[in-house]
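The values are calculated or read from the model by the stated rules, or taken from the named source; none is laboratory data. Predicted, not measured: the structure shown is a model, and the values here were computed from it. Cβ placement follows ideal geometry from the backbone for every residue including glycine, while neighbour counts extend to all protein chains displayed.
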Amino acid sequence: MKNWLGTLAAFAGAILFSALAYSFWLAYQPQPERLQGQIEAQQYNISSKVPGRISEVLVRKGDQVVAGELIYTLLSPELEAKLEQAKAGSEAASALAQEAEQGARVQQVAAAKDTWNKAKAAKALTEKTFKRISALYEEGVIAEQKKDEAFTQYQAAGYTENAAFQMYQMAQEGTRAETKKAAQEKARAARETVAEVKAYADETQVNSWHDGEVTDILLQSGEIAPEGFPVVSIVDMNDVWAVIQVREDQLSRFQPGTEFELTIPALGETAQPFKVSHVSVMGDFATWRATDASKGFDMKTFELEARPLNPIQGLRVGMSVLIQ
């Protein structure tokens, strides 16, 4: 009986010693490290290039929107007035260009011709008068002063007739090519001004450039929206990635293109495959770690991005991700 009790005590002591030894062995084994990150997604802010009072916001938080969908509208009487002003200027410039292209009216040409004929008649009269006075001067009837006056009038009539003829030719030829070109360019500039103002006026109807889910509405109907102010924010949950901070001594395991599995606690314990798409070229902050009992050094931490290889139902921005 005593031998059996001694054997049992020895066996229990051996088991206890083995358990203690195994516990000490586990205590000195390297513990598995867990990395934690979170889910991010592409976010877009919807704004307008022009300021104005918000007329109506057509979406609510949680709505799914598609590219090209009308999100909100603005009231801008100033732009409407500028557009009408630009249109009026364009019409005026076009009319002037058309006038330059067509040249002088028929009535203008006829009037210029009549002026020329009148000048010719006046020149003919002054020429006859000068000849008569010259004959009288030769006969000694009148003084030389009268002859000089008649000659001056004859010369002036010639100049007037020549000027009238030039004006008649100009009326026949129409507008110069340079003037036509200038008028055409002014009309084109006026049309471009209309297009520019219309482009700004179109900004009062603000559409989404991307697909996504409405996450925030910063202004409501009746409020003033400054130029470029983000009135509505959307997030594209089809463009998501995980952001994880990795210490530099572990960075070799996460090179671009590396595939690994992440656990998303909010969606259960099922691991999801991810692929490293980007590793930051600069360390963000340092974590001190001792390499032995006598010395240690600061290890930089680098940010990496990893994208899911498959769509993940129920994924939301900000969810934690874990790597064992």
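Considering Val321, Val317, the condition of being in a strand (DSSP E or B), closer than 19 Å to Gln245 by Cβ and modelled with pLDDT of 90 or more is satisfied by Val321 alone.
Of all residues in the stretch 48-69, those that are free of Cβ contacts under 8 Å to residues at least 40 places away in the same chain have Cβ atoms under 7 Å from Cβ atoms of residues that are surrounded by fewer than 19 Cβ atoms within 10 Å (Cβ to Cβ) and among the aliphatic types (A, V, I, L, M), 6 or more apart or on another chain, in Leu58/Leu70. Counting the residues of the stretch 213-234 that are buried (at least 17 other Cβ atoms within 10 Å of the Cβ) and either on the phi > 0 side of the Ramachandran plot or within 20 Å of the chain's Cα centre (by Cα) (or both) gives 5.
The listed residues are Ser55, Ser76, Ser48, and the only one of them that is more than 30 Å from His278 (Cβ to Cβ) and in contact with a helix residue (DSSP H, G or I) (Cβ under 8 Å, 6 or more places away or on another chain) turns out to be Ser76. Looking at the stretch 300-314, can you tell me whether even one residue there is modelled with pLDDT under 80 and surrounded by 13 or more Cβ atoms within 10 Å (Cβ to Cβ)? No - not one qualifying residue is present in the stretch 300-314. The set of residues in the stretch 112-134 being at pLDDT 75 or above and small (Gly, Ala, Ser) consists of Ala119, Ala121, Ala122, Ala124, Ser134.
The requirement of being small (Gly, Ala, Ser) and either part of a loop (DSSP other than H, G, I, E, B) or more than 24 Å from Gly314 (Cβ to Cβ) (or both) is fulfilled nowhere in the stretch 232-250; no residue meets it.
Taking the criterion of being closer than 15 Å to Gly228 by Cα, assigned to a loop (DSSP other than H, G, I, E, B) and charged (D, E, K, R), the only residue of the stretch 195-211 that qualifies is Glu203.
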